[in-house]
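What follows is a set of notes on a single structure, which appears directly below.
The values are calculated or read from the model by the stated rules, or taken from the named source; none is laboratory data. Worth saying up front: this structure is predicted, and the values here are computed from it rather than measured. Neighbour counts are summed over all protein chains in view; Cβ atoms, including those assigned to glycine, are modelled from backbone coordinates with ideal geometry.
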Amino acid sequence: MPELAEVAYYCSLWSPGKGRRIKRVQTHGATRCFRESSGESVENKLRGRTLKDSRTHGKRMLFQFSKGAWLGLHLGMTGKLVIRKPFEELQKHDHLALETSAGWLVFNDPRQFGKVELFQSEDLPDEWANFPLEILSLEFNYKYFEQLLGRRKRAVLKSLLLDQTLFPGVGNWMADEILWKARIRPDRRLESLSTTELKALFDTLKFVCRGAMKYVATDYSDPPKSWLFRHRWKPGGICPKTREDLSRSEIGGRTTCWSPAWQR
DNA sequence: ATGCATGTTACATG
DNA sequence: ACATGTAACATGCA
């Protein structure tokens, strides 16, 4: 589920907890989400701390607590954040739940591809200090974009867009949306693009990220029907531009949807 | 029962 | 160094 905008949305769901003390922490200690650390260490670290701030970068989330404690979350494929009422029963895949006076701040993830990690530092943790530029930042301009692609001439576009070190936050549906909007086939290689196409790719990259933030990040509403998003998973889905059938196949290990009559 | 899923990583291979 | 393919992870859904 979660890409750039979905992550921003879920992150915002914990905002009612800001400024509140963590009265109690519940975990299911040994689930995969905790990786090398344990649920117990997370409990000990966060109990009694106050949630001060939160941020996202691409698909990652970071929560800052008092006394230099930081909680990093990645939602994987099926993770989400949710608030449960103070006396509400926790559910089956609630791996981490922080009790505050505003209710439980819950991380839920059935498939457990998500990840929970703790950092201890006064300032932003080192792991977060050197991330690539965010796509929607001002500094992520066309010149930077060209420079990013410098060594990747042979790469297939679909795979390239999914590279989190280049385009943090772009996931499967956004990559397809970007290529569809730019009218470029997902199986093309970077080296085959004309200057015009490269510029179109940059513009649609920004466009799709902005649109995703506008629609999805605010209240989890779907993008409009003019987007591929609304048609790509429907059996017999139709391209909103040509009204013709969409195609689907695996590219770079991921199911990919495109419009053969529209994309070249 | 089968196949598939908005993600990442490790590993083998070219 | 770059690129590709596969498996693995663990669960729910059609």
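Annotations
- Restricting attention to the range A:57-81, the residues being in a strand (DSSP E or B), within 12 Å of DNA strand B (Cβ to nearest atom) and of a type outside the set (A, V, I, L, M) number 5.
- All conditions but one from (1) surrounded by fewer than 17 Cβ atoms within 10 Å (Cβ to Cβ); (2) in contact with a helix residue (DSSP H, G or I) (Cβ under 7 Å, 6 or more places away or on another chain); (3) not polar (S, T, N, Q) apply to residue A:114; the one that does not is (1).
- Matching residues, the range A:167-197, being surrounded by fewer than 22 Cβ atoms within 10 Å (Cβ to Cβ), without any contact (Cβ under 8 Å) to a residue 40 or more places away in the chain and either in a helix (DSSP H, G or I) or within 15 Å of the chain's Cα centre (by Cα) (or both): A:191, A:192, A:195, A:196, A:197
- Pick from the range A:250-264, criterion within 14 Å of residue A:188 (Cα to Cα) and among the charged types (D, E, K, R), ranking: nearest to the chain's Cα centre (by Cα): A:250
- Residue that is of a type in the set (Lys, Arg) and part of a helix (DSSP H, G or I), where the choices are A:241, A:206: A:206
- Within the span defined as the range A:82-89, every residue fails to be farther than 22 Å from residue A:37 by Cα, part of a loop (DSSP other than H, G, I, E, B) and within 16 Å of DNA strand B (Cβ to nearest atom).
- Evaluation of residue A:51 against (1) outside any strand (DSSP E or B); (2) in contact with a Gly (Cβ under 7 Å, 6 or more places away or on another chain) (one fails), failing number: (1)
- Test: residue A:261 is surrounded by 18 or more Cβ atoms within 10 Å (Cβ to Cβ) and either over 30 Å from residue A:61 (Cα atoms) or within 16 Å of DNA strand C (Cβ to nearest atom) (or both): no
- Residues that are in contact (Cβ under 8 Å) with a residue 40 or more places away in the chain and surrounded by 17 or more Cβ atoms within 10 Å (Cβ to Cβ) within the range A:37-56 comprise A:39, A:42, A:45, A:46, A:51, A:54, A:56, listed in sequence order.
- Beta carbons closer than 6 Å, at least 6 apart along the sequence or on distinct chains, pair a first residue in the range A:198-215 that is at pLDDT 95 or above with a second that is surrounded by fewer than 17 Cβ atoms within 10 Å (Cβ to Cβ) for A:202/A:142; A:209/A:136.
- Of A:200, A:217, all but one fail to be among the small types (Gly, Ala, Ser), part of a helix (DSSP H, G or I) and away from DNA strand B (no atom under 14 Å from the Cβ); the exception is A:200.
- Inter-residue pairs, beta-carbon under 6 Å, first surrounded by 10 or more Cβ atoms within 10 Å (Cβ to Cβ) and in the range A:120-134, second hydroxyl-bearing (Ser, Thr, Tyr), 6+ apart: A:132/A:165
- Selection within the range A:127-152 - within 16 Å of DNA strand B (Cβ to nearest atom) and farther than 29 Å from residue A:78 by Cβ: A:151, A:152
- Qualifying residue in the range A:232-244 (condition: touching a Pro at 6+ places or on another chain (Cβ under 6 Å) and either surrounded by 17 or more Cβ atoms within 10 Å (Cβ to Cβ) or modelled with pLDDT of 95 or more (or both)): no
Every residue, every condition in (1) within 15 Å of DNA strand C (Cβ to nearest atom); (2) in contact with an Asp or Glu (Cβ under 8 Å, 6 or more places away or on another chain), yes or no:
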{"position": "A:80", "(1), (2)": "yes, yes"}
{"position": "A:89", "(1), (2)": "no, no"}
{"position": "A:94", "(1), (2)": "yes, no"}
{"position": "A:102", "(1), (2)": "no, no"}
{"position": "A:107", "(1), (2)": "yes, yes"}
{"position": "A:113", "(1), (2)": "yes, no"}
{"position": "A:130", "(1), (2)": "no, no"}
